[in-house]
Amino acid sequence: RDLPAKVVGTDPQTDLALLKVNAGSDLPTVTFGDSNKLRVGEWVLAMGNPFGLGGTATEGIISALGRQIGAGPYDDFIQTDAAINPGNSGGPLFNVAGEVIGVNSAIYSPSGGNVGIGFAVPSRLVQNVVEQLKANGRVERGWLGVSLQRMDEELAKAVQAPNDKGALIGEVQPNSPAAKAGLKVGDVVVGFNGRQISSPRDLATAVAEVKPGHEAKITVLRDGKQIEEQVKVGQPPRRQMAANDRSESAERQQASLGIALAPNNGRGAVVARVRPDSVAAERGLEEGDVILRAGDREVNRPRDVVEAVNAARDAGRSVIALQIERDGNRAIVALPLKSG
């Protein structure tokens, strides 16, 4: 049955959209399950429309949780071996109780077909995005006002932490939610809003899921002791939001190529991650590659690659040549461009 649909809102950061249809009568509905309670090995069922063949169901198990595949700043995917092929994206991933615990999103496949590695956006994140799109047509993400860095063994010793898990606070902005909650430089965040925090990305994702103005419990290690504080999550300041918009736009552009880039001390842009199911992976790009030129432009920072890609698209080109350096050797990679 085909129905006209209206786009209520989209969230490029999670690749999710909310549609509204007028069916003239009530439609069957499904319920969300709690993706926080998932365990590796649980049975799941993926629904979709692969290759336009029609409704299809495939079964498998949860292979891993919290996967990061370079799709965007809020990577937190469920990995499954249930067959997910082109056309399955946007379909539900059910648990054994018939609850939706994820939305099918991507596959890892050198050939373009299923090889038993698929990814789904967890229902916890989907529900948060859907609720905000329904209410506001856009997604607002929380902000603490801290700079974070990853822990290592030496830092753990220096701040009297038992291990290298957590997110180390390197800076607290004045008058920020973190400052008002009493957080300090050197604190190691190990819990937020009931979630265990093992890395800066864990905390960034957890904070982003809390609506500005809401309170959350944050657990930190300070001087070898565990402390709990209440923090009222804020909204990024205007300048911060503008910078985030530019940063997120650049991240979306990188994500559309299937890569995440990082600075390389003013000489090129280093490939920090390659999404397994991307054209970039198929063309042989690897983590650690340094992009020196993109098209006819010299690359000194990640933004240069994004600008070169935009220029190539504006010129109507469907592919861009990247000069890369790997292990001291240089080569040219022809990278196809997706439209938009």
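Annotations for the structure displayed:
- Qualifying residues in the range 16-49 (those that are within 16 Å of Q79 (Cβ to Cβ) and among the charged types (D, E, K, R)) - the one nearest to the chain's Cα centre (by Cα): R39
- Residue check, L19 in the same structural domain as F119 (by TED's automatic domain parsing), in contact with a strand residue (DSSP E or B) (Cβ under 9 Å, 6 or more places away or on another chain), closer than 23 Å to L133 by Cα and not in a loop (DSSP other than H, G, I, E, B): yes
- Of the residues making up the range 27-68, those that are in contact with a Gly (Cβ under 9 Å, 6 or more places away or on another chain) and either in the same structural domain as I197 (by TED's automatic domain parsing) or under 30 Å from F192 (Cα atoms) (or both) are V30, T31, G33, S35, N36, L38, W43, V44, I61, I62, S63.
- Applying the criterion of at least 2 residues that are at pLDDT below 90 and closer than 30 Å to G48 by Cα to the helices (runs of 4 or more DSSP H) found wholly in the range 116-200 leaves 123-136.
- Selection status of A208, under 22 Å from F77 (Cα atoms), in contact (Cβ under 8 Å) with a residue 40 or more places away in the chain and buried (at least 16 other Cβ atoms within 10 Å of the Cβ): yes
- A count restricted to the range 278-316 and to residues that are without any contact (Cβ under 8 Å) to a residue 24 or more places away in the chain and aliphatic (A, V, I, L, M) stands at 3.
- Flag for T14 being part of a strand (DSSP E or B), of a type outside the set (A, V, I, L, M), outside the structural domain of R195 (by TED's automatic domain parsing) and modelled with pLDDT under 90: no
- Hits in the range 298-315 - residues which are surrounded by fewer than 21 Cβ atoms within 10 Å (Cβ to Cβ) and more than 21 Å from N329 (Cβ to Cβ): R301, R303, D304, E307, N310, A311, A312, R313, D314, A315
- Close Cβ contacts (under 6 Å, 6 or more residues apart or on different chains) running from residues in the range 113-134 that are closer than 19 Å to K37 by Cβ and in the same structural domain as I101 (by TED's automatic domain parsing) to residues that are surrounded by fewer than 18 Cβ atoms within 10 Å (Cβ to Cβ) and at pLDDT below 90 comprise R124/N36.
The values are calculated or read from the model by the stated rules, or taken from the named source; none is laboratory data. Everything quoted here is computed from the prediction, not taken from an experiment. FYI the Cβ positions are ideal-geometry reconstructions off the backbone, even for glycines, and counts take in every protein chain you see.
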